[in-house]
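The values are calculated or read from the model by the stated rules, or taken from the named source; none is laboratory data. This structure is a prediction, so every number in the text was calculated from the model and none was measured. A quick note on method: Cβ atoms are made from the backbone with ideal geometry, for glycine too, and the neighbour counts reach across all protein chains shown. What goes into the accessible areas is simple: the full protein's heavy atoms, side chains included, and nothing from ligands, DNA or RNA. Shrake-Rupley method; radii C 1.70, N 1.55, O 1.52, S 1.80 Å.
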Amino acid sequence: MKENLWVEELDNIKPDASYNQLLSNLTKNELNEMRKLWDFHGISQLNKAELIQELTKRIADNLESWLQYLGSEQTEFLKEIIIQCEKYSAAYIEVNEITFYIADYFEARGVVFLGQHQETAIFLIPEELRSKIKSILNKKSIKKQIRLNDSYIKYAIGSAVYYGILSPDLLYNSLERYLNPEWRIDPLDVVLEYGEFSVLADSAGPFFILGAVEDAPEILIEREERSDLDYYIPSKKEIENAYQKGHPSWNLAQRRFKKKLTRDYKLPQEEAERILFGFYLMINNNVSTAEIVRVLAEDFEIDIFAGKDELIKLINDFHNNTKQWVLKGHSPAEVYNEI
């Protein structure tokens, strides 16, 4: 989406606005939501001016305890804003879906403010917080923790590719299998904090959920009903590949389907790969093979009647050999062979 379409929806803020002014732009309800997010007690009955005064002090005092739960994706974003604010009084970063989402996460914490000035989008970290954040992020102990957090996030996402949803037990088992967690900071808290801002994943209670999952409760119910089926255990390399690609490596059945798309239907490699990934997600979200055939015919304008029998066989093979979240990371073919 073009930047100017985002800018039209942003409130006006001044590059030199103080922390007090930025918080004053928020409603009392928004300030109370901020208080709840930080878990600050004993100030819910204050009036707006008093609440702003308390939030200004308490957020500054609690920055380090929060920053140690972040990964480098979050902290590098903060660093870039600080650098630009020090140079230009505000940060001029392209506003797109990802940066808007991250800014929304930080703004809910009262740390980053996104608005417009003279019809240009700007990001602000109040001067009262900038030096403190920079000092904290330069600490050796915090740098070490952030690197460790990156590992937790990486292997959590890689595992979620196979399982869709990670319960706390599943997360701990996965991390202990591939890493040596240091328990000063609970990895679950790190991963759930990541899910609060990422477009790749989400957090719901104690569950870490891949962003592509459409019906998490249904997946959990179906997995519970398969109590006799053990979870598939990916190798460390499989997890790392899943983190990089967003899906397990394509197997023979999936590669054959891709070859059909490129050879017989003359689709570019990139387009065929996109279809493969889309169908992989559809299958994991319990979409039928009949619907996949319809999508091929209507959305991609493929003549499904040319070589129909071969195409249907390839799609069925694709489905039966796709590792599925409801099957605890196994494909239907693997489960059938175990019976």
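Can you name the residue in region 224-246 that is open to solvent by less than 60 Å² (accessible area, probe 1.4 Å) and more than 20 Å from the chain's Cα centre (by Cα) and, of all such residues, is farthest from Arg274 (Cα to Cα)? Only one residue fits best here, namely Leu229.
The criterion of being open to solvent by less than 80 Å² (accessible area, probe 1.4 Å), modelled with pLDDT of 95 or more and more than 15 Å from Ser331 (Cβ to Cβ) does not hold for Ile275. Candidates Tyr162, Tyr155: the one that is touching a Pro at 6+ places or on another chain (Cβ under 7 Å), part of a helix (DSSP H, G or I), under 30 Å from Tyr232 (Cα atoms) and of a type outside the set (Gly, Ala, Ser) is Tyr162.
Per-residue answers, yes or no, for (1) modelled with pLDDT under 95; (2) in a helix (DSSP H, G or I); (3) in contact with a Cys (Cβ under 7 Å, 6 or more places away or on another chain):
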residue	(1), (2), (3)
Asp230	no, no, no
Trp250	no, no, no
Arg255	no, yes, no
Lys259	yes, yes, no
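Asn251 meets all of the listed conditions (1) open to solvent by 20 Å² or more (accessible area, probe 1.4 Å); (2) at positive phi but one, namely (2). Pairs linking a residue in region 278-293 that is under 14 Å from Ile219 (Cβ atoms) and modelled with pLDDT of 85 or more to a residue that is buried (at least 16 other Cβ atoms within 10 Å of the Cβ) and not hydrophobic (A, V, I, L, M, F, W, C), with Cβ atoms under 7 Å and 6 or more positions apart or on different chains, are Ile283/His319; Ile283/Thr322; Ile283/Gln324; Asn284/Gly164; Asn284/Gln324. Here Val95 meets each of (1) open to solvent by 30 Å² or more (accessible area, probe 1.4 Å); (2) modelled with pLDDT under 95 with one exception, condition (1). Look at (1) farther than 22 Å from Ile102 by Cα; (2) among the small types (Gly, Ala, Ser); (3) open to solvent by 40 Å² or more (accessible area, probe 1.4 Å); (4) in contact (Cβ under 8 Å) with a residue 12 or more places away in the chain and you find that Ala204 fails only one, number (1). Touching an Asp or Glu at 6+ places or on another chain (Cβ under 6 Å), among the β-branched types (Val, Ile, Thr) and part of a helix (DSSP H, G or I): does that describe Ile83? So Ile83 fails the test. Among the residues of region 317-337, those that are farther than 22 Å from Gly246 by Cα and either open to solvent by less than 20 Å² (accessible area, probe 1.4 Å) or without any contact (Cβ under 8 Å) to a residue 60 or more places away in the chain (or both) comprise Tyr336, Asn337.
How many residues does region 232-248 hold that are outside any helix (DSSP H, G or I) and in contact (Cβ under 8 Å) with a residue 40 or more places away in the chain? Qualifying residue count, region 232-248: 6.
Annotation: of all residues in region 127-150 being of a type in the set (S, T, N, Q) and buried (at least 19 other Cβ atoms within 10 Å of the Cβ), the one that is farthest from the chain's Cα centre (by Cα) is Gln145.
Among the residues making up region 74-101, those that are among the charged types (D, E, K, R) and either touching a strand residue (DSSP E or B) at 6+ places or on another chain (Cβ under 6 Å) or without any contact (Cβ under 8 Å) to a residue 12 or more places away in the chain (or both) are Glu76, Lys87.
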